[in-house]
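J.: Quick one: the structure is below, and I'll ask about it shortly.
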């Protein structure tokens, strides 16, 4: 097990390349790793494909990436709180794929679990089903939704030990642990870093086996 996972934010973002698919944890910026987002902008990454719950807000969270024209495609459950995302979509600058939130979570989970996809009735009879495989089971139609995986997942942890075990406080848990299982490289921005053994094993929500790198966030004392 690699016990030297703590790296600088600059080194962490150097592992993201133009055109990569990245997952970004958080729900309307709650639990979003802003320090990593800011460094992506500093390093002038381009044409990223983003998988996230939402598009953030203007100047906040993922919204910063949209304002700085870093993202070429986003797969999310909604973009409604960021008018700039809608504007870029309407002029063809930003490719947007809206996915029902429950389906989005399960598609990410399927990737992490090594599944071939999920069956869901959500979207049947709507434009969501266009171009997708429909399967009838016992008289009920389901859509086959394929797994969503990424080159890199950027998540945020409240307390992280030096081996990479992660605890998320309250609602910051949201998409973070599920995304940690579905990417080739997982980088966690830690609000607080502690020694191995200091974090109660009963509080570990993402085991260290999923975490490749740890970055100290702005809030670390």
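J.: Filter region 31-40 for residues that are out of contact with any helix residue (DSSP H, G or I) (no Cβ under 6 Å at 6 or more places or on another chain) and either at pLDDT below 95 or assigned to a loop (DSSP other than H, G, I, E, B) (or both) and give the result.
T.: Hits for region 31-40 are 32, 33.
J.: Would you pick out the residues in region 76-93 that are in contact (Cβ under 8 Å) with a residue 24 or more places away in the chain and crowded, with 21+ Cβ neighbours inside 10 Å?
T.: 76, 79, 82, 85
J.: Suppose we filter 50, 96 for residues that are free of Cβ contacts under 8 Å to residues at least 60 places away in the same chain, more than 30 Å from residue 163 (Cα to Cα) and surrounded by 14 or more Cβ atoms within 10 Å (Cβ to Cβ); which single one remains?
T.: Matching residue, one of 50, 96: 96.
J.: Output the number of the condition that residue 10 fails; it satisfies all remaining conditions of (1) at pLDDT 95 or above; (2) exposed (fewer than 15 other Cβ atoms within 10 Å of the Cβ); (3) in a loop (DSSP other than H, G, I, E, B); (4) in contact with a helix residue (DSSP H, G or I) (Cβ under 8 Å, 6 or more places away or on another chain).
T.: Among (1) at pLDDT 95 or above; (2) exposed (fewer than 15 other Cβ atoms within 10 Å of the Cβ); (3) in a loop (DSSP other than H, G, I, E, B); (4) in contact with a helix residue (DSSP H, G or I) (Cβ under 8 Å, 6 or more places away or on another chain), residue 10 violates only (3).
J.: Which condition number in (1) surrounded by fewer than 16 Cβ atoms within 10 Å (Cβ to Cβ); (2) in contact (Cβ under 8 Å) with a residue 24 or more places away in the chain; (3) over 14 Å from residue 178 (Cβ atoms) is the one that residue 64 fails?
T.: (1)
So that you can scan it fast, the table gives a plain yes or no per residue for (1) farther than 17 Å from residue 55 by Cα; (2) crowded, with 16+ Cβ neighbours inside 10 Å; (3) modelled with pLDDT of 95 or more:
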residue	(1), (2), (3)
104	no, yes, yes
111	yes, yes, yes
115	yes, no, yes
143	yes, yes, yes
157	yes, yes, yes
160	yes, yes, yes
169	yes, no, yes
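J.: How many residues, within region 13-28, are modelled with pLDDT of 95 or more, touching a strand residue (DSSP E or B) at 6+ places or on another chain (Cβ under 9 Å) and in a loop (DSSP other than H, G, I, E, B)?
T.: Total meeting the criteria: 8.
J.: Exactly one condition in (1) modelled with pLDDT of 95 or more; (2) loosely packed, with under 13 Cβ neighbours inside 10 Å is not met by residue 125; state its number.
T.: Looking at each condition in turn, residue 125 falls short on (1).
J.: A follow-up question, please. Only one of 196, 215, 204 is in contact (Cβ under 8 Å) with a residue 60 or more places away in the chain and either on the phi > 0 side of the Ramachandran plot or out of contact with any helix residue (DSSP H, G or I) (no Cβ under 8 Å at 6 or more places or on another chain) (or both); which?
T.: 196
The values are calculated or read from the model by the stated rules, or taken from the named source; none is laboratory data. Treat the numbers as computed from the prediction; the structure is a model and nothing was measured. Note that each Cβ is placed from the backbone with ideal geometry, even for glycine, and that neighbours are counted across all protein chains shown.
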